[in-house]
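The structure appears below as structure tokens.
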Amino acid sequence: MQKVTLDAIRAHAIREFPRECCGLVIVKRGREIYVECSNTAPAAGPGQRAGEDRFRLPAQEYAAAADEGEIVAIVHSHPGGPGAATEADRVACEESCVTWYIADVRQSDDGKVDVVDVITVEPSGYLAPLVGRSFAHGVLDCYALVRDWYRIERGVVLKDFERHDDWWNAGGDLYMQHYREAGFKPACDNVALALDKLKVGDVILMQIRAPVPNHAAVYLGNGHMLHHRYGRLSSRDIYGGYWLENTRIVLRYDP
């Protein structure tokens, strides 16, 4: 990275503190240019501290930058640290297929804000573990876990869908609207009979403190499921009790 680009990133990160900055590095007519972008992410929610993986770069700004030159890197900051890439950073870097730069922004005791480091993350084939992964909505959440299980265990790449945090309380019904488009059909007509009819790989849709089904799990067999609760680590748990009571539909992959 050229010094003028690094200086522009530092200045942007300091100016946006304590909010995360985000931007793009493009190459235009042989020149490296830093393009500042808007961060449209809401404030940190439950299970996430302020400043951690809380940036959303608008698609229209990404497209506008791509029209100006070739996008070679995505930039964002970690206000207050940590400087190292989070699990969500590494996963999103893989999906973007470009370099990521992360500015570690700190505030000293006297109130001065400075960028203490800018780290580089490169796509390297990283895949978050199915069990024990951290939560970052839209990147590492219950649907992302379903997608990764199918990719690893079945070699199936499920369609991804844009989803914003708290969509279930904002008038969205994403699972019910899109499950057929992703290649799924109802596995049985009666949820009460679901436990007897479940097959490995079935997707269980649950309604957890929401007006619509908003949580998904993959059935693993022998009464166990794999899921990723909001704000927690992904886990393998027994399917029954609370989870069975809140099940609304069981889906089976049938493209």
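The values are calculated or read from the model by the stated rules, or taken from the named source; none is laboratory data. Treat the numbers as computed from the prediction; the structure is a model and nothing was measured. Note that we place each Cβ from the backbone using ideal geometry, even for glycine, and neighbour counts take in every protein chain shown.
Just a yes or no: is a residue in the range 185-196 under 17 Å from the mean Cα position of the chain (by Cα) and without any contact (Cβ under 8 Å) to a residue 60 or more places away in the chain?
No, the range 185-196 has no match at all.
All conditions in (1) at pLDDT 95 or above; (2) of a type in the set (A, V, I, L, M, F, W, C); (3) touching a helix residue (DSSP H, G or I) at 6+ places or on another chain (Cβ under 8 Å); (4) outside any strand (DSSP E or B) hold for ALA85, with the sole exception of (1).
Take GLU162 and decide whether it is assigned by TED's automatic domain parsing to the domain that holds ALA217 and either on the phi > 0 side of the Ramachandran plot or under 18 Å from the mean Cα position of the chain (by Cα) (or both). Judged against the criteria, GLU162 is a match. Pairs are defined by a Cβ separation below 6 Å, a sequence spacing of at least 6 or placement on different chains, a first member in the range 210-225 that is outside the structural domain of LEU244 (by TED's automatic domain parsing) and within 17 Å of LEU195 (Cα to Cα), and a second member that is of a type in the set (Asp, Glu) and not in a strand (DSSP E or B); no pair meets this definition.
Among the residues of the range 35-56 satisfying the criterion of being among the basic types (Lys, Arg) and surrounded by fewer than 19 Cβ atoms within 10 Å (Cβ to Cβ), which is modelled with the lowest pLDDT? The selected residue is ARG49. For ILE102, the conditions (1) touching a strand residue (DSSP E or B) at 6+ places or on another chain (Cβ under 7 Å); (2) within 25 Å of LEU127 (Cβ to Cβ); (3) not in a strand (DSSP E or B) all hold with the exception of (3). Of all residues in the range 220-255, exactly one satisfies the criterion of being among the hydroxyl-bearing types (Ser, Thr, Tyr) and under 19 Å from LYS159 (Cα atoms), namely TYR253. Answer yes if at least one residue in the range 62-69 is outside the structural domain of SER235 (by TED's automatic domain parsing), within 16 Å of VAL25 (Cα to Cα), surrounded by 18 or more Cβ atoms within 10 Å (Cβ to Cβ) and without any contact (Cβ under 8 Å) to a residue 60 or more places away in the chain, and no otherwise. There is at least one residue in the range 62-69 that is outside the structural domain of SER235 (by TED's automatic domain parsing), within 16 Å of VAL25 (Cα to Cα), surrounded by 18 or more Cβ atoms within 10 Å (Cβ to Cβ) and without any contact (Cβ under 8 Å) to a residue 60 or more places away in the chain.
Screening TYR253 with (1) out of contact with any Gly (no Cβ under 6 Å at 6 or more places or on another chain); (2) buried (at least 16 other Cβ atoms within 10 Å of the Cβ); (3) farther than 22 Å from ALA88 by Cβ gives one miss only, at (1). Among the numbered conditions (1) touching a residue at least 60 places away in the same chain (Cβ under 8 Å); (2) of a type outside the set (A, V, I, L, M); (3) part of a helix (DSSP H, G or I), the only one that TRP243 does not meet is (1).
Here ARG133 fulfils each of the conditions (1) surrounded by 14 or more Cβ atoms within 10 Å (Cβ to Cβ); (2) in the same structural domain as THR40 (by TED's automatic domain parsing); (3) basic (Lys, Arg) apart from (2). Looking only at residues in the range 101-117 that are in contact with a Pro (Cβ under 9 Å, 6 or more places away or on another chain) and surrounded by fewer than 21 Cβ atoms within 10 Å (Cβ to Cβ), the one that is nearest to LEU145 (Cα to Cα) is ASP104.
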